[in-house]
Amino acid sequence: MNLNEREILYKLIRDHEEVMGVSRTTMVSLKSYRHALQKLKISDNSAFKNSVLELNAVIKDTEPKIIPLTHLVEEFEAELQIYFENPFEQIRDHALKILNQKLARYENCIQGVIGHGVRVVEGNDFIIVQSPSLAIRNVLKQAHSELNKKFKVLILDQNFIRMKQLIKELSQVGVELLVIPEYNLSHFLETATKLLIGAVSITPDKKIITTVGTANAVGLCHLNRIPIYLLANSLKFAHRLVSEQHIYREESWRSYDNLTYRHAAYSHDQVDLDLIDHVITEQGEINTRNQLIPTV
């Protein structure tokens, strides 16, 4: 895979992550990998091994790194190693079996976060939602529909596609919503009761990689003593520091009204983990004040 092909794949994964979030992108990537293996026709074991290792290397090097996907692909690669000398059909069968196990494991992690996350929601809450992850959406829906908790949600208007999905899903179950520009959040802090955020990854140097705009919301809520909850499964805990997470930076020249200027933007925010009051994983709430839970 040449450099141009890698850049196309990185952009594709980044676009998926922006629209669907990390959890769904991880699941879609694993399902796509599985589908590609099912369609693959090859008889040379060496060529198959090289192709798998090359694709895995590319997946593990995305911008930014999709840490749950990286962990699962690393495990897949390690578990497949012992089968590389077998006939091709046997290798593929084992590869598909391992991928199915990894997909099921990740889905169970997400369900675990949701199960513990619904306990965070209380009656009469006014919950600020930033970066509405799959887990956050389902926590809010289940807390309302299954536990009959009555609360309101304040949605920060940023990514329209993900916001639209959140609005539709919560409206269908009757959750009361209010959408505001994210730069107007300061006007609603007196009545807000908590902030829910998701993450792309959490690093050993206590940084959270998350969607653009999250840092501002976290900063305002922290200064105003509004409890901040991070909902993230343990597969999002990274082995490497924030400087090694490949946060994508794009620079360009822009022209507007006879003015040309250089413009730079990062694809994601980074937030200090110490600003977060509660971290909820599939294991329940964990204490990150002194140390992180071990990475997988």
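Relative to the 2.2 N^0.38 Å rule of thumb, the range 123-188 has a C-alpha radius of gyration ratio of 1.04. Taking 1.306 mPa s as the viscosity and 10 °C as the temperature, the Stokes-Einstein diffusion coefficient of the range 1-85 based on its alpha-carbon Kirkwood radius rounds to 117 µm²/s.
Across the chain, the mean sequence separation of Cα contacts (distance under 8 Å, 6 or more residues apart), normalised by length, yields a relative contact order of 18 percent.
Percent of Cα-Cα pairs more than 25 Å apart in the range 155-296, please. Cα-Cα pairs of the range 155-296 separated by over 25 Å account for 38 percent. Taken about its Cα centre, the chain carries a charge dipole of about 500 debye when Lys and Arg each add +1 at the Cβ and Asp and Glu each add -1 at the Cβ. Take the Cβ atoms of Gln90 and Leu55, set R0 to 22 Å, and the FRET efficiency comes out at 0.65. Taking Cβ atoms as reference points and 13 Å as the exclusive limit, the residues near Ser171 contribute a net charge of +3, counting Lys and Arg as +1 and Asp and Glu as -1. Charge tally around Glu107: other residues with Cβ under 13 Å, Lys/Arg +1 each, Asp/Glu -1 each, net +3. Volume of the convex hull of the range 212-264 (Cα atoms only), normalised per residue: 150 Å³. Give me the net charge for the shell around Ala143: Cβ to Cβ below 15 angstrom, other residues only, Lys and Arg +1, Asp and Glu -1. Once positives and negatives cancel, what remains is +2. Taking every DSSP helix (H) stretch of at least 4 residues in the chain, weighting each as -39,500 (n - 2.57) and dividing the sum by the residue count yields a mean residue ellipticity at 222 nm of -14500 deg cm²/dmol. Over the Cα atoms of the range 104-229, the radius of gyration divided by the Kirkwood radius equals 0.94; this is the Rg/Rh ratio.
Which shape class, rounded, prolate or oblate, goes with the range 72-134 when its Cα gyration tensor gives a ≥ b ≥ c as root eigenvalues, a/c under 1.5 marks rounded, and past that a/b bigger than b/c marks prolate? Prolate. In the chain, the ratio of gyration radius to Kirkwood radius, Rg to Rh, stands at 1.01 when only Cα atoms are counted.
Readers should treat all values here as calculations from the given coordinates under stated rules, not as data from a laboratory. Not measured: the values here are computed from a predicted model. Neighbour counts are summed over all protein chains in view; Cβ atoms, including those assigned to glycine, are modelled from backbone coordinates with ideal geometry.
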